[in-house]
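The values are calculated or read from the model by the stated rules, or taken from the named source; none is laboratory data. Just so you know, these numbers come straight off a predicted model, no measurement behind them. Heads up, the Cβs are rebuilt from the backbone with ideal geometry, glycines too, and the neighbour counts pull from every protein chain shown.
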Amino acid sequence: MKILKTTNLLKNHNDICLVPTMGALHDGHISLIHKAKETGLKIVVSIFVNKLQFNDEQDFINYPRDIEKDIKILNDLDVDFAFIPDEETIYPKSGFENLYSGNIGNKYEGSSRPGHFDGVLTIVNRLFQLIRPHTVIFGSKDIQQLFLIKKLILNKKYDIRIIEQNTKRTKTGLALSSRNKLLTKEGMKKAENIFKALLLVQNELEKSTDLIDIDNKAKSLLVSENIQLDYLEILDMNTFSPPKGDSKDFVIIIAVVIEGVRLIDNIRFKYEEIK
Ligand code: PAF
């Protein structure tokens with residue numbers, strides 16, 4: 001594996017599969033890399049903790065970092081390139097394009113973390129320009145991010161294939177996340193209720209269309225576990241907005257705070273599944 005600080009060596013490649021990350025690699029990232037390997041393309045894993053997507057300075061400082069371990073993991077997985085740029089390569093003083101994530105980018109996760117998705121789109125766009133990947137892999141745990149990146153690819157008419165990888169979970173359902181490393185054992189246990197709340201909503205939707213009642217049931221589960229809920233929403237997957245009569249693809253999104261750590265998750269299902 002080659003470790004790169006710039007993309008000079010990648011200039012002549014048009015066969016790159018990019019896996020963008022902010023490091024602190026875990027089994028969820030490893031599954032993204034395995035997915036990347038299935039493409040048969042040259043694999044670039046980028047590691048860059050993107051300050052622009054943190055609206056809270058302390059959150060940026062606290063974000064887990066373990067570059068030595070990350071490099072070892074990538075070496076063991078035999079990826080072709082680890083792209084570990086410095087700030088100036090990504091955001092040169094000479095200027096770069098700042099992107100705006102629009103109406104959807106200001107809702108849900110974006111409403112609690114103002115500017116977060118602008119920062120995500122700005123870095124992803126920079127990575128696309130610098131690396132010019134054939135294919136990119138994103139996990140579906142960050143479902144709003146995925147929605148906005150798909151939109152970015154369409155709006156900018158990038159000739160980039162996007163592959164989604166399903167969320168990896170522990171045996172008890174907790175979605176794998178770099179942020180889990182910031183939780184105590186009790187916090188991890190508490191966090192299992194996030195997926196339980198999502199399943200509860202999905203199961204209740206099979207029986208009833210009383211969304212307020214369903215919402216209350218999920219909320220009381222979280223309250224009884226002393227979990228601070230930020231949002232819990234049922235959305236149309238194709239518009240990332242509240243469902244209309246003709247909606248068929250749904251997503252339930254959730255964000256909570258446990259021990260000061262913000263955790264998100266979601267589940268998707270089709271209309272037929274709630275009939
Ligand atoms: O999902 C992430 O880890 C980050 O938002 C990403 C896509 C690497 C951009 O910094």
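G23 meets each of the listed conditions (1) of a type in the set (G, A, S); (2) within 16 Å of the ligand (Cβ to nearest atom); (3) farther than 19 Å from V120 by Cβ; (4) not in a strand (DSSP E or B) apart from (3). Pairing each residue of segment 190-211 that is in contact (Cβ under 8 Å) with a residue 24 or more places away in the chain with any residue that is among the small types (G, A, S) and in a helix (DSSP H, G or I), provided the two are 6+ apart or on different chains, yields C-beta distances under 7 Å for A197/A218; V201/A218. Scanning segment 24-57 for residues that are polar (S, T, N, Q), over 24 Å from P92 (Cβ atoms) and either modelled with pLDDT under 95 or within 20 Å of the chain's Cα centre (by Cα) (or both) returns a single hit, S31. Scanning segment 71-112 for residues that are buried (at least 20 other Cβ atoms within 10 Å of the Cβ) and within 13 Å of the ligand (Cβ to nearest atom) gives F83, L99, S101, G105, E109, G110.
Of everything listed in (1) away from the ligand (no atom under 16 Å from the Cβ); (2) in a helix (DSSP H, G or I); (3) buried (at least 18 other Cβ atoms within 10 Å of the Cβ); (4) among the β-branched types (V, I, T), the single unmet condition for V223 is (3). Would a scan of segment 118-137 turn up a residue that is within 25 Å of T6 (Cα to Cα), within 15 Å of the ligand (Cβ to nearest atom) and exposed (fewer than 15 other Cβ atoms within 10 Å of the Cβ)? Within segment 118-137, one or more residues are within 25 Å of T6 (Cα to Cα), within 15 Å of the ligand (Cβ to nearest atom) and exposed (fewer than 15 other Cβ atoms within 10 Å of the Cβ). In segment 51-70, what count of residues is obtained for those that are buried (at least 18 other Cβ atoms within 10 Å of the Cβ) and in contact with a strand residue (DSSP E or B) (Cβ under 8 Å, 6 or more places away or on another chain)? Qualifying residue count for the region: 1. A single member of L146, L174, L182 is within 11 Å of the ligand (Cβ to nearest atom), hydrophobic (A, V, I, L, M, F, W, C) and under 19 Å from the mean Cα position of the chain (by Cα), and it is L146. Applying the criterion of being closer than 22 Å to K181 by Cβ, touching a residue at least 40 places away in the same chain (Cβ under 8 Å) and buried (at least 20 other Cβ atoms within 10 Å of the Cβ) to the residues of segment 30-47, the residue that is nearest to the ligand (Cβ to nearest atom) is S46.
The number of residues in segment 149-171 being under 14 Å from G28 (Cβ atoms) and within 16 Å of the ligand (Cβ to nearest atom) comes to 5.
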